[in-house]
């Protein structure tokens, strides 16, 4: 993993926070290619380079490439509930995928505290469901994706059914569920898992306000004063401003603001 | 501080594998009225087709140790294991791409799952073929119990080619078109519907240097007469393809994230 020489640029707000960072992001970059043909060409070229045990140069952009993330630096501390804000294409999903280990880190570092044992990341909350399988069967399937054992999921089953309020539909094929029901089931499964860090990327779309309020309350109870952290990438800033203690704003792949004054931060963000 | 590496407990990996196998084998069948019975009906249908062709006099390749129908049935089933494993592995990004973009799954479990699914799909018709062999009076050699071990290198070869094709195909579809047709061509250039002994001219040379000749003929010969086809060359081929499989699996696992980010949503 390459590291940059650039110093970590933190806002003064971060210095006043608790000293134990669970997650430390330093000089993180990610580049993508906007042209399909060049993307194929670079992909094959890089793959052949890796095949011979070499590493392609990641310090500069090639033709048609752009920085999706550019020199990202921030820490996530114990008990943090962080909103990751930014317009579409600002780099929220790319950053969250890198933090979750789904995308490779070629330049910069992502370090986790040694005590971190379990990280759960939620992208496109309803994805991973198979429409032919019942709600119950899908719980087993998605729980397996989250690294749970059969025993663990069986212990959590009652909570999931009850929290999602799915009732007797739990044994109906999920293809017959409404979007809201799928979201409720998926989110209830996520909430049933005890993770040290939870990433949620636009997880509350399609769910009704009553369910969302229930989730936010649950998340606040679970992720404050328990030495864990929650990072939510969303456009629905005002909905979760009550439970968050920090805001990080991305624009064109760069962090343009990081603050503990969430309400003011949201005001500034929406004003611009 | 440390670099976090997803450590999934062994029990959870086993559970993930079970769920993936169930999904791959039964999810599609759930849409049919007969369901899992199709796993049994399809091989019976294949056997009946070959019996019909033999009865109609279409298949008359000359004198052989066992009836040609039996020979082709066994050979094509062995070939199907190679082809299915190749196909399953080459399509990992198609089958699991969206899932892998939203979940950090252990890739080696997915590869293992594809091998198991192909093996299950092989052994169901294989059992029917054995029953058919016994019915028409073809006795099997006592060494039949080591048949799966002798067959394994063929499956690993299919997986190795599939993994390499899958990586490059995820970047450019040309590799799928190329390799799919290349593999189809190799069905004709390998002793599947004929024995390695009957070949002449250029085909004889191709067969001699084609690893599939040894990987297919050895398990087939073992089943029928208890001997490996050219044992030393077969052993060398088995060792080479096992090594190739290990190397390409590692290469695939290391590069999965890089391919996923190029594919995107």
Open item on the list: Restricting to the stretch A:122-132, give me the number of residues that are facing another protein chain (nearest Cβ under 7 Å), farther than 12 Å from residue A:200 by Cα and either touching a residue at least 12 places away in the same chain (Cβ under 8 Å) or touching a strand residue (DSSP E or B) at 6+ places or on another chain (Cβ under 9 Å) (or both).
Closed with: 3
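Conditions (1) within 16 Å of the chain's Cα centre (by Cα); (2) more than 24 Å from residue A:51 (Cα to Cα), marked per residue:
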residue: B:180; (1), (2): yes, no
residue: B:205; (1), (2): no, yes
residue: B:209; (1), (2): no, yes
residue: B:216; (1), (2): yes, yes
residue: B:242; (1), (2): yes, no
residue: B:262; (1), (2): no, no
Task: Some residue of the stretch B:38-52 being in contact with a helix residue (DSSP H, G or I) (Cβ under 9 Å, 6 or more places away or on another chain), modelled with pLDDT of 70 or more, within 14 Å of chain A (Cβ to nearest Cβ) and not in a loop (DSSP other than H, G, I, E, B) - done: no
Open item on the list: Could you check the stretch A:200-222 and list, in sequence order, the residues that are within 15 Å of the chain's Cα centre (by Cα) and at pLDDT 85 or above?
Closed with: A:200, A:201, A:219
- [ ] Scan the stretch A:88-109 for residues that are within 16 Å of residue A:24 (Cβ to Cβ), crowded, with 21+ Cβ neighbours inside 10 Å and within 7 Å of chain B (Cβ to nearest Cβ) and jot them down.
- [x] A:100
TODO: Could you name every one of the helices (runs of 4 or more DSSP H) located completely within the stretch B:199-265 that has at least 3 residues being touching a residue at least 12 places away in the same chain (Cβ under 8 Å) and closer than 29 Å to residue A:41 by Cα?
DONE: B:231-263
TODO: From (1) touching a strand residue (DSSP E or B) at 6+ places or on another chain (Cβ under 8 Å); (2) without any contact (Cβ under 8 Å) to a residue 12 or more places away in the chain, pick out the condition that doesn't hold for residue B:99.
DONE: (1)
Task: Complete set of residues in the stretch A:110-121 that are within 8 Å of chain B (Cβ to nearest Cβ) and touching a strand residue (DSSP E or B) at 6+ places or on another chain (Cβ under 9 Å) - done: A:110, A:111, A:112, A:113, A:114, A:116, A:119, A:121
TODO: Sort out which residues of the stretch B:140-190 are buried (at least 22 other Cβ atoms within 10 Å of the Cβ) and outside any helix (DSSP H, G or I), and write them in order of number.
DONE: B:190
Task: All positions within the stretch A:133-191 that are in a helix (DSSP H, G or I), more than 10 Å from chain B (Cβ to nearest Cβ) and surrounded by fewer than 16 Cβ atoms within 10 Å (Cβ to Cβ) - done: A:154, A:155, A:158, A:159, A:162, A:167, A:168, A:171, A:175, A:176, A:179, A:180
TODO: Tell me which of these residue B:195 doesn't satisfy, since it passes every other one: (1) touching a strand residue (DSSP E or B) at 6+ places or on another chain (Cβ under 9 Å); (2) away from chain A (no Cβ under 14 Å).
DONE: (1)
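The values are calculated or read from the model by the stated rules, or taken from the named source; none is laboratory data. All values derive from a computational prediction rather than experimental measurement. No Cβ is skipped: glycine too gets one built from the backbone with ideal geometry, and neighbour counts run over all protein chains shown.
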